[in-house]
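Only the coordinates and a few stated rules stand behind these numbers; no lab work does. Treat the numbers as computed from the prediction; the structure is a model and nothing was measured. All Cβ positions, glycine included, derive from the backbone under ideal geometry; neighbour counts span all protein chains shown.
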Amino acid sequence: MRSIPYPHLDETLYTKQLDNGLRVYILPKAGFQKTYATFTTQYGSVDNHFAVGEDTPIQVPDGIAHFLEHKMFEEPEGDVFNKFASLGASANAFTSFDRTSYLFTATDNVLDNLGTLLDFVQSPYWTEESVEKEKGIIGQEIKMYQDNPDWRSYFGLIEAMYKVHPIHIDIAGTIESISKITKDTLFNCYYTFYHPSNMVLFVVGGIDVNEVMEFVEQNQAKKTFKPQGEIKHFFDPEPDQVHTPKKVIKLPVSLPKCLIGFKEVPLNQEGTPLLKRELTTKLLLDVLFSGSSPIYQSLYDENLISDSFGHEYNITADYSFSVFGGETRDPDLLISKIKDAVTAVQKQGISEQSFERSRKKKIGSFLRMMNSPEAIAGEFTKYLFNGIDMFEILSVYENMKLEDVMKRFNEHFEWERLAISIVRSD
């Protein structure tokens, strides 16, 4: 077991790669009662075309990663949620574009819960009948999201940006795509992506490191996994330009919803360069659109935005894009005002005071996150799968300069890569 000290944060991370390939990370938090554990596979909704080693590439139905997440909780004797509940734990799971994570939080019986987590994820069980039944359940979930204005506006923006990359496809797939999922296809995807060599176990909280690592090693030593070759992912080339500059969706809403975003050319890098690009862009968006910014205040005073207005930035080696917006009485006027305001800042520049305020706010947010096992666990694996050490965030913010932010400003706000998604009732 290797220890990685972070003296500037008063933290030490412990890690070991087991013989079966599983990477285990443990972050002890002295004095914490709660423990949070995530068992995550590097497999998400975009991974629909792949091969293992020299095998022939296969393409699977959209939505299968999310479908598989649902089926993993099924066991011959019932639902695994009941096991966690009986041990005083709360369990959950989620599927994103690039990962699927199973997790629990508990204050007692940590090792028992950890064993339950490892065992149910590594013991797949489902039948043809249960797969067919699940199609109806997930079909209802898909229909529910199709009636959700926030979800539709968000994915509408991604659909406006991306023409080819599977990120533009709803994580749950479509009713048509999930109808093609079979028991055998699920097992094929499971044995490809749920191999220990493609997974990470992360445990954080008031725990004994040696005790947890020994327990995990003993648990894994009892199981047999066939050696597996490299997983290869295949993506068709995505055009640099947006798919469509504007997408309008009709739904019954009291106020229109308007999201604006910029599609970027992929960085095709991992690690520190990716992290610097992410954090610089997030700080830039905070300077421009946080609740204390002049742009936000002006739009709010004109009754063009409400408290729903927000912003985010998503980045991996394969794609990156910004999102900002919310409810508005007049989408077209909002878009025009934002264009004018952003163009004005591009010409005038960002003040040192605004930059420092946002930089200090970001540093404070990171330090507060380090007191939350849930937040740490949620972020750690996301960064790890992009070759990033999450604990590097503080030093990147501390060393960031105003000129770095202005450089990103001019790189990011390229108007020909602007996309707009509007949900309105008329």
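Would you work out which of 284, 265, 165 lies farthest towards the positive end of the dipole of the chain, given +1 charges on the beta-carbon of Lys and Arg and -1 on that of Asp and Glu, about the Cα centre?
284
Rg(Cα) of region 2-233 divided by 2.2 N^0.38 Å?
Against the empirical 2.2 N^0.38 Å value, I get 1.08 for region 2-233.
Note the direction-averaged projected area, equal to a quarter of the hull surface, for the Cα convex hull of region 215-274, in nm².
For region 215-274, averaging the hull's shadow over all directions gives 10.7 nm².
May I ask you to work out the translational diffusion coefficient for the chain at 20 °C, viscosity 1.002 mPa s, via Stokes-Einstein with Rh from the Kirkwood sum over Cα pairs, reported in whole µm²/s?
92 µm²/s
Grab the other residues whose beta carbon is less than 13 angstrom from that of residue 255, score K and R as +1, D and E as -1, and report the net.
So the surrounding residues net to -2.
Report the net charge of residues surrounding residue 169, where surrounding means a beta-carbon distance below 12 angstrom and charges are Lys +1, Arg +1, Asp -1, Glu -1. List each step's numbers first, then the result.
Numbers: positive: 163; negative: 47, 62, 159, 170, 176.
Taking every Cβ under 12 Å from that of residue 169, the sum is -4.
Once you place label points 7 Å from the Cα toward the Cβ at residue 130 and residue 75, how far apart are they in nm?
So the label points at residue 130 and residue 75 sit 1.1 nm apart.
Counting other beta carbons within 10 Å of each residue's own, what order do 83, 276, 180, 222 fall into, fewest first? Provide the component values of the computation, followed by the final result.
On the way: 83 20, 276 17, 180 14, 222 7.
Least to most surrounded, the residues fall as 222, 180, 276, 83.
Which one of 239, 331, 149 has the biggest mean-square fluctuation once the chain is modelled by GNM with Cα springs under 10 Å?
Maximum among the listed residues: 239.
In a shell of Cβ-Cβ distance under 15 Å around residue 52, excluding residue 52 itself, what net charge do Lys and Arg (+1) and Asp and Glu (-1) give? The partial results should precede the final answer.
Working: positive: 226, 232; negative: 47, 54, 55, 230.
Local net charge: -2.
Between residue 179 and residue 348, what is 0.36 nm times their sequence separation minus the Cα-Cα distance? Round to one decimal in nm.
55.4 nm
Could you identify which residue out of 41, 185, 100 has the top mean-square fluctuation in a GNM of the chain using Cα springs shorter than 10 Å?
Comparing 41, 185, 100 in the GNM, the peak value goes to 185.
Of 135/282; 71/222; 29/276; 163/337; 263/401, which pairs sit farther than 31 Å apart, going by alpha carbon to alpha carbon?
With Cα atoms farther than 31 Å apart: 135/282.
At a temperature of 4 °C and a viscosity of 1.567 mPa s, determine how fast region 246-424 diffuses translationally according to Stokes-Einstein, using the Kirkwood radius over alpha-carbon pairs as Rh; express D in µm²/s, rounded to the nearest whole number.
Translational D for this selection: 75 µm²/s.
I'd like the distance between the alpha-carbon centres of region 242-257 and region 323-370, rounded to an integer number of Å.
The two parts, judged by their Cα centres, are 22 Å apart.
At 0.36 nm per residue, minus the direct Cα-Cα distance, what do residue 300 and residue 208 gain on full extension? Give it in nm, one decimal, please.
28.1 nm is the gain from fully extending residue 300 to residue 208.
Once you charge only the Cβ atoms, +1 for Lys and Arg and -1 for Asp and Glu, what is the size of the charge dipole of the chain about its Cα centre, to the nearest 20 debye? Each step should come with its number before you reach the end.
Working: 43 positive and 61 negative charges, 176 e Å.
Its charge dipole is roughly 840 debye.
If I model a spin label as a point 7 Å beyond the Cα along the Cα-Cβ vector, how far apart are those points for residue 54 and residue 236 in nm?
Placing both labels 7 Å along Cα→Cβ, they lie 2.9 nm apart.
If you bin every alpha carbon distance in region 106-160 into 10 Å steps from zero, what whole percent lands in each bin?
Pairs per bin, as whole percents: 18, 23, 24, 32, 4.
Once every DSSP H run of n ≥ 4 in the chain is given -39500 (n - 2.57) and the sum is divided by its residues, what mean residue ellipticity at 222 nm do you get, rounded to the nearest 500 deg cm²/dmol?
On the way: 15 runs with 179 residues, N = 426.
It comes out at -13000 deg cm²/dmol, rounded to the nearest 500.
Calculate, for residue 85 and residue 360, the FRET efficiency according to 1/(1 + (r/R0)^6) with r their C-beta to C-beta distance and R0 41 Å; round to the nearest 0.05. Display every interim value, and only then the final one.
Details: r = 42 Å, r/R0 = 1.03.
With R0 = 41 Å, the Cβ-Cβ based efficiency is 0.45.
Go ahead and set up a Gaussian network model of the chain, Cα springs under 10 Å, then flag whichever of 341, 93, 30 fluctuates most.
Among 341, 93, 30, the largest GNM mean-square fluctuation belongs to 30.
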